[in-house]
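Some notes on the structure that comes next.
Read-outs: derived from the displayed coordinates by stated rules, not from any lab. Computed from a predicted model, the values in this text were never measured in an experiment. In this analysis, Cβ positions are derived from the backbone assuming ideal geometry, glycine residues included, and neighbour counts consider all displayed protein chains.
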Amino acid sequence: MAQICPGRFTAQIDGPFVVFLIGMRVNRLFALRSWMQVAAAMQPMLVELKRNPELGLLHAEPFFYWRGGGLLQYWRSFEHLHAYANARDAAHLPAWAEFNRRIGGNGSVGIWHETYQVASGSYESIYANMPRFGLASAARHLGVTGRLDSARSRINRAQDSESSTDRKM
């Protein structure tokens, strides 16, 4: 079981990053073979990405919902994500080709993804009595004290530091 961090924490990461959500939806419940193939295809990619941190994956967490599941992923940059998705020597392209060949046209399984580029300081987070989770698993995990006590101050901390740098010039 994950270690609970008592108290209030936030996450802080240097520079911009990417949030990538990817998942599948079971459209035909009795097409077990199809959706199991899609679900199983993700594990080799995650193993490859975790073994090679230079590829840019910072953290991934699975989630499940009625009729499907997905992964919440944090990437160093869109360029890292895009390069991995298109790398001929990586696990993704063969898995994508296999999906299109065997399942893509039959409608038994749907797949989806969403990509969000997050500018430096344009995010905030709070975790109370939680294990490290989400962005806190991909970034620094900081206790919430002083200026980090409110959502507004957490999201404005980068803007405040940029403003003070501008004033010094």
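Within the range 18-81, all pairs of alpha-carbon atoms sorted by distance into 5 Å bins from zero give the percentages 4, 17, 25, 23, 15, 10, 6, 1.
Can you give the angle from 0 to 90° between the axis of helix 92-102 and the longest principal axis of the chain, with both taken from C-alpha atoms, to the nearest 10? With rounding to tens, the tilt is 40 degrees. Relative to the longest principal axis of the Cα atoms of the chain, helix 32-51 runs at roughly 40 degrees. Divided by 2.2 N^0.38 Å, where N counts the residues, the Cα radius of gyration of the chain comes to 1.23.
Each stretch of four or more DSSP H residues adds -39500 (n - 2.57); spread over every residue of the chain, this sum gives -11500 deg cm²/dmol at 222 nm. Helix 151-168 and the longest principal axis of the C-alpha atoms of the chain enclose an angle of approximately 60°. Scoring 19-25, 71-77 by mean Cβ neighbours within 10 Å over their residues and listing the highest first yields 71-77, 19-25.
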